[in-house]
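The values are calculated or read from the model by the stated rules, or taken from the named source; none is laboratory data. This is a predicted model, so every value here is computed, not measured. For neighbour counting, all protein chains shown are included, and Cβ atoms are generated from backbone atoms with ideal geometry for every residue, glycine included.
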Number of protein chains: 2
Amino acid sequence: MTLAERSIELFLRRLLLRSNLSMEEQEAIRAVKGTEVTIPFRRDFVVPGRTVEHVSLVAEGVAARFDLMRDGRRAIAELFVPGDVCDLSSLVAPRAGWGLTALNGVHLVQIPHANLRTLMKTHPEIEAAFWRDSAADAGVLAKLVGNMGRRDAKARVAHLFCEMGVRMEATGIGTREHYALNITQEQLGDVMGLTSVHVNRTLSALRDEDAVSFHSHVVRVLDWERLTSIAEFDEAFLLLDQPENARLT
Amino acid sequence: MTLAERSIELFLRRLLLRSNLSMEEQEAIRAVKGTEVTIPFRRDFVVPGRTVEHVSLVAEGVAARFDLMRDGRRAIAELFVPGDVCDLSSLVAPRAGWGLTALNGVHLVQIPHANLRTLMKTHPEIEAAFWRDSAADAGVLAKLVGNMGRRDAKARVAHLFCEMGVRMEATGIGTREHYALNITQEQLGDVMGLTSVHVNRTLSALRDEDAVSFHSHVVRVLDWERLTSIAEFDEAFLLLDQPENARLT
DNA sequence: CGATCATTTGATTTATGTCAACTTTTGTGG
DNA sequence: CCACAAAAGTTGACATAAATCAAATGATCG
């Protein structure tokens, strides 16, 4: 199994948590072709304003949707790990209103829009599944807005670790209590609107109260109960586990 | 023209800024039927976890996507003004992962999912337009994440006023320099992660430097240049003015 | 026309940012 | 595989934006 095949399989697996796709539809997705690309550390691979012709599926590493401030600081709105497609919605809005960057060495599978569009035309249910996936992404964003606006640093960091844990587990690349998250504390800060210094202190605090540890890019949850309580985490916003979503047809 | 017809017209107008719909498709949307409903001040009309059977189009007033904290505080992730559909994506993900509430007396047109689904089935381009609209919403959320994480109160408030101005103008219910925004300073704070007290001070500051004023629920931009500069506002993220979006067919 | 809700203003506290030095880890070329 | 440079993480002292508390004024609505 090639890297591309493996990551499409991850992506499909996650689609199936939210969408009820027939065997034939699943096969159609598995058959999609894309090209593998390596993006070096810190390279932006989608630039705001540019029109993209393909969708970027993360095969390895961590990518991010970011925003650049006048003074050069970055804000990260969304993290993408293996199995995530960074910009499914570019299928309908190809002119990017956002930027995508590699938080470390990232392997992408770039899938031409044309390939997916034929897929959507012949299988309307796949289009719905894609849209549903974008909707879940939007849910994550909305949750982040709430967290940043109304919760302190500890809760925010805790929430991110919960969220990523559940996502990792759902995609099958870790468990919610133990997974790799290959980003720096500074990048963590960019996600949560904190300085790297404060992230560091917050991590110590979370470690000291035996909630979670983050060392050498590995998240280890020490007490899931406690962590979710600090984070006020409720995974409903991820819209997972709802293959009950009726087929539209 | 009834209220429902008028608001569908607003909605359609906005769709057309992003999507290239044929006359026939436009007529099909105009013909959609929904029922008018009045939601009193502060009533939640969509509750997380509940399954919705219809989409909510705002006809009058302001609605919001919100998140509730353990201590009772609210965070608002998104504002919806006349012509906005609050939950288009519920068409594909009917179990709500979010809440919707009325920030004042709100008139909604509730359009049954069934109606829109037949529409999407017969007119695939309409489905794309809907998805595109959700994608734009997600862009707004992502931008808000960036603002809250990396900008101070003044820039955040300024940015919201810019964003809403452009949206109002695009929908045709005001100009970017003068429009009604019928919400309290406390609700403004809920959007931007600030206390009502601090919102108040920030508004004074923006007023004092002749950027913008907000009185009796009317936003009056005194100096658009200055305001956008304070906000670092660039409307690209709204994905407006791109009817060049190819038809998928 | 009183009561509730929203806005305004001041005094004080707190969470987080900033600056700076130091240590540890990582990655790379010899 | 080592040595060393660069990047990341850690810690402390201090600064500041925004929160909190509190009280007064102004608006709105039965």
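Does residue B:135 satisfy being within 7 Å of chain A (Cβ to nearest Cβ) and under 30 Å from residue B:25 (Cα atoms)?
Values: within 7 Å of chain A (Cβ to nearest Cβ): yes; under 30 Å from residue B:25 (Cα atoms): yes.
Against the criterion (within 7 Å of chain A (Cβ to nearest Cβ) and under 30 Å from residue B:25 (Cα atoms)), residue B:135 qualifies.
Taking the numbered list (1) more than 13 Å from the chain's Cα centre (by Cα); (2) within 11 Å of chain A (Cβ to nearest Cβ); (3) surrounded by 15 or more Cβ atoms within 10 Å (Cβ to Cβ); (4) of a type in the set (Val, Ile, Thr) in turn, residue B:76 passes all entries but (1).
Please determine, by comparing only the residues of region B:79-98 that are β-branched (Val, Ile, Thr) and in contact (Cβ under 8 Å) with a residue 12 or more places away in the chain, which one is farthest from the other protein chains (Cβ to nearest Cβ).
Among residues in region B:79-98 that are β-branched (Val, Ile, Thr) and in contact (Cβ under 8 Å) with a residue 12 or more places away in the chain, the one farthest from the other protein chains (Cβ to nearest Cβ) is B:81.
Residue B:118 satisfies every condition listed in (1) within 13 Å of another protein chain (Cβ to nearest Cβ); (2) within 25 Å of residue B:45 (Cβ to Cβ); (3) part of a helix (DSSP H, G or I); (4) touching a residue at least 12 places away in the same chain (Cβ under 8 Å) except (4). A count restricted to region B:214-236 and to residues that are closer than 24 Å to residue A:143 by Cα and free of Cβ contacts under 8 Å to residues at least 24 places away in the same chain stands at 2. Count of region B:131-141 residues, restricted to those that are farther than 30 Å from residue B:185 by Cα and either buried (at least 24 other Cβ atoms within 10 Å of the Cβ) or aliphatic (A, V, I, L, M) (or both), is 1. Of the residues in region B:116-132, not one is more than 24 Å from residue A:136 (Cβ to Cβ), at pLDDT 95 or above, of a type in the set (Phe, Trp, Tyr) and out of contact with any Pro (no Cβ under 6 Å at 6 or more places or on another chain). Cβ-Cβ contacts under 6 Å between residues 6 or more apart (or on different chains), taken from a first residue in region B:189-213 that is closer than 23 Å to residue B:149 by Cα and hydroxyl-bearing (Ser, Thr, Tyr) to a second residue that is modelled with pLDDT of 95 or more and surrounded by fewer than 16 Cβ atoms within 10 Å (Cβ to Cβ), are listed as B:196/B:186.
Quick one: is residue A:210 away from chain B (no Cβ under 14 Å) and surrounded by fewer than 20 Cβ atoms within 10 Å (Cβ to Cβ)? Lay out the reasoning, then the answer.
Numbers: away from chain B (no Cβ under 14 Å): yes; surrounded by fewer than 20 Cβ atoms within 10 Å (Cβ to Cβ): yes.
So residue A:210 fits the description; yes.
Tell me, please, whether a residue that is more than 7 Å from chain B (Cβ to nearest Cβ), outside any strand (DSSP E or B) and within 28 Å of residue A:22 (Cβ to Cβ) can be found in region A:99-107.
Within region A:99-107, none of the residues are more than 7 Å from chain B (Cβ to nearest Cβ), outside any strand (DSSP E or B) and within 28 Å of residue A:22 (Cβ to Cβ).
Quick one: which strands (runs of 3 or more DSSP E) sit completely within region B:162-240 and have at least 3 residues that are within 11 Å of DNA strand C (Cβ to nearest atom)? Walk me through it before giving the result.
On the way: elements: B:178-180, B:212-215, B:218-221.
Because the criterion is at least 3 residues that are within 11 Å of DNA strand C (Cβ to nearest atom), the strands (runs of 3 or more DSSP E) in region B:162-240 that meet it are B:212-215.
Would you call residue B:240 touching a residue at least 12 places away in the same chain (Cβ under 8 Å) and farther than 26 Å from residue A:95 by Cα?
Numbers: touching a residue at least 12 places away in the same chain (Cβ under 8 Å): yes; farther than 26 Å from residue A:95 by Cα: no.
Spelling it out, it is not the case that residue B:240 is touching a residue at least 12 places away in the same chain (Cβ under 8 Å) and farther than 26 Å from residue A:95 by Cα.
Within the option set B:171, B:175, being within 28 Å of residue B:40 (Cβ to Cβ), in contact with a helix residue (DSSP H, G or I) (Cβ under 8 Å, 6 or more places away or on another chain) and of a type in the set (Ser, Thr, Tyr) holds for one residue only, B:171.
Can you tell me which residue in region B:63-115 is modelled with the lowest pLDDT, limited to those that are out of contact with any helix residue (DSSP H, G or I) (no Cβ under 8 Å at 6 or more places or on another chain) and of a type in the set (A, V, I, L, M)? Looking at residues that are out of contact with any helix residue (DSSP H, G or I) (no Cβ under 8 Å at 6 or more places or on another chain) and of a type in the set (A, V, I, L, M), I get B:68.
Restricting to region A:89-100, give me the number of residues that are surrounded by 22 or more Cβ atoms within 10 Å (Cβ to Cβ) and either more than 18 Å from residue A:135 (Cα to Cα) or out of contact with any His (no Cβ under 9 Å at 6 or more places or on another chain) (or both).
So in region A:89-100, the residues surrounded by 22 or more Cβ atoms within 10 Å (Cβ to Cβ) come out as A:89-93, A:96-98, A:100.
Checking the rest, the ones that are also either more than 18 Å from residue A:135 (Cα to Cα) or out of contact with any His (no Cβ under 9 Å at 6 or more places or on another chain) (or both) come to A:89, A:92-93, A:96-98, A:100.
The number of residues fulfilling the criteria is 7.
The set of residues in region A:2-36 that are under 12 Å from residue A:119 (Cβ atoms) and of a type in the set (S, T, N, Q) contains only A:26.
Okay, residues lined up against (1) over 16 Å from the mean Cα position of the chain (by Cα); (2) more than 16 Å from DNA strand D (Cβ to nearest atom):
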| position | (1), (2) |
| --- | --- |
| B:144 | no, no |
| B:148 | yes, no |
| B:156 | yes, no |
| B:159 | no, no |
| B:162 | no, yes |
| B:165 | no, yes |
| B:173 | no, yes |
| B:183 | no, no |
| B:202 | yes, no |
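Scanning region B:190-200 for residues that are hydrophobic (A, V, I, L, M, F, W, C), within 11 Å of chain A (Cβ to nearest Cβ) and either near DNA strand D (Cβ under 8 Å from one of its atoms) or touching a Cys at 6+ places or on another chain (Cβ under 7 Å) (or both) yields one hit, B:194. Could you tell me whether any residue of region A:142-165 is of a type in the set (Phe, Trp, Tyr), surrounded by fewer than 23 Cβ atoms within 10 Å (Cβ to Cβ) and more than 14 Å from chain B (Cβ to nearest Cβ)? No, that holds for no residue.
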